[in-house]
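Structure first, commentary second.
The values are calculated or read from the model by the stated rules, or taken from the named source; none is laboratory data. Worth saying up front: this structure is predicted, and the values here are computed from it rather than measured. Note that each Cβ is placed from the backbone with ideal geometry, even for glycine, and that neighbours are counted across all protein chains shown. The area values use the complete protein model at the heavy-atom level, side chains included, leaving out ligands, DNA and RNA. Shrake-Rupley method; radii C 1.70, N 1.55, O 1.52, S 1.80 Å.
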Amino acid sequence: MKKKLIAGNWKMNGSLAANESLVRALLAGMGGAGCTVAVCVPAPYLVQLQALCAGSALELGAQDVSQHEQGAFTGEVSAAMLKEFGVRYAIVGHSERRQYNGESDALVAEKAKAALAHGVTPIVCVGETLAQREAGKTEEVVKRQLAAVIHSNGHCISEIVVAYEPIWAIGTGKTATPEQAQQVHAVLRAQLKAATAHSQRVAILYGGSMNSANAASLLAQADIDGGLVGGAALKAPDFLQIIAAARQAPAA
Ligand code: 13P
């Protein structure tokens, strides 16, 4: 039985003061969570978050990682650096980075590999655009995105986390229905099963306008192991309600 994982993706939001009050409210309200909870924060705040989360159940995550070990890569942050700040998770291949930074499937796979090499769990994001969904290409797109990561990570694939984030549901208030999400999660699970004997170990998160009202029904689906939460992760009461929903959800 694996615990649900609720990860907040703060994206490019926050300030020293806002982070402190958000994290203090989360720590006060989380209790012994009964599920794994993480916040993926902008890199400059990792040192602040490391101190705030010390000794707590709140895990720390980054929003990206370099595929390189070290060297002349201005602006990049390596997995080894993240590890020094107690980072447990790194999002890779978020659709915003694929779109605005031109990240390819192959690059995302290399980033996942770099994270795994340093004991940082990559949260590999996959998801289709509205046009791709309407053209009936959802399965093809998410399978292609995940295949690249499976191909370059071999037996380590059971150590990753996958996040299915339909692009049309991100920040739009439009959520995939639990059935729509489950359908894609089942496809991803089957793909993982063909790649590793330990596919059940891989958490498959749903992301895209998850909120306190829809979390419970999404998290009740057989192959939805948690959530990657954007906007609602910036408001302590909302994020705490999603955590509560995860705690009550049936375990896989
Ligand atoms: P929203 O929850 O704001 O739709 O964002 C989802 C997301 O992109 C998480 O990575």
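Data overview
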quantity: Pair list, Cβ under 6 Å, 6 or more apart: the range 24-40 residue touching a residue at least 12 places away in the same chain (Cβ under 8 Å), other residue acidic (Asp, Glu); calculated: Ala38/Glu59
quantity: The range 216-233, subset of a type in the set (A, V, I, L, M) and over 15 Å from the mean Cα position of the chain (by Cα), residue farthest from the ligand (Cβ to nearest atom); calculated: Ala222
quantity: Complete set of residues in the range 175-194 that are surrounded by 20 or more Cβ atoms within 10 Å (Cβ to Cβ), among the aliphatic types (A, V, I, L, M) and assigned to a helix (DSSP H, G or I); calculated: Ala181, Val184, Leu188, Leu192
quantity: Matching residues, the range 101-125, being within 16 Å of the ligand (Cβ to nearest atom) and surrounded by fewer than 18 Cβ atoms within 10 Å (Cβ to Cβ); calculated: Asn101
quantity: Subset of the range 218-230 (residues that are farther than 14 Å from Thr36 by Cβ and surrounded by 18 or more Cβ atoms within 10 Å (Cβ to Cβ)); calculated: Leu218, Gln221, Asp223, Ile224, Gly230
quantity: Test: residue in the range 182-198 that is closer than 23 Å to Cys35 by Cβ, at pLDDT below 95 and among the hydrophobic types (A, V, I, L, M, F, W, C); calculated: no
quantity: Condition check for Thr172: within 16 Å of the ligand (Cβ to nearest atom), over 21 Å from Leu5 (Cα atoms) and modelled with pLDDT of 95 or more; calculated: no
quantity: Criterion (in a helix (DSSP H, G or I), within 16 Å of the ligand (Cβ to nearest atom) and among the basic types (Lys, Arg)) met by exactly one of Arg144, Arg97; calculated: Arg97
quantity: Near pairs, Cβ below 9 angstrom, 6+ apart or cross-chain, from the range 162-173 (under 12 Å from Gly230 (Cα atoms)) to any residue that is among the acidic types (Asp, Glu) and within 10 Å of the ligand (Cβ to nearest atom); calculated: Ile170/Glu96
quantity: Selection count, the range 141-174, where residues are out of contact with any helix residue (DSSP H, G or I) (no Cβ under 8 Å at 6 or more places or on another chain) and either of a type in the set (Val, Ile, Thr) or open to solvent by 10 Å² or more (accessible area, probe 1.4 Å) (or both); calculated: 5
quantity: Some residue of the range 126-138 being of a type in the set (A, V, I, L, M, F, W, C) and crowded, with 16+ Cβ neighbours inside 10 Å; calculated: yes
quantity: Scope the range 52-77; condition touching a residue at least 40 places away in the same chain (Cβ under 8 Å) and either among the polar types (S, T, N, Q) or farther than 30 Å from Ala236 by Cβ (or both); matching residues; calculated: Gln63, Ser66, Gln67, His68, Glu69
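To keep it simple, each residue is scored yes or no on (1) surrounded by fewer than 19 Cβ atoms within 10 Å (Cβ to Cβ); (2) in contact with a Lys or Arg (Cβ under 7 Å, 6 or more places away or on another chain).
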| residue | (1), (2) |
| --- | --- |
| Asn9 | no, no |
| Ala17 | yes, no |
| Val39 | no, no |
| Tyr45 | no, no |
| Ser78 | no, no |
| Lys83 | yes, no |
| Val92 | no, yes |
| Gln99 | yes, no |
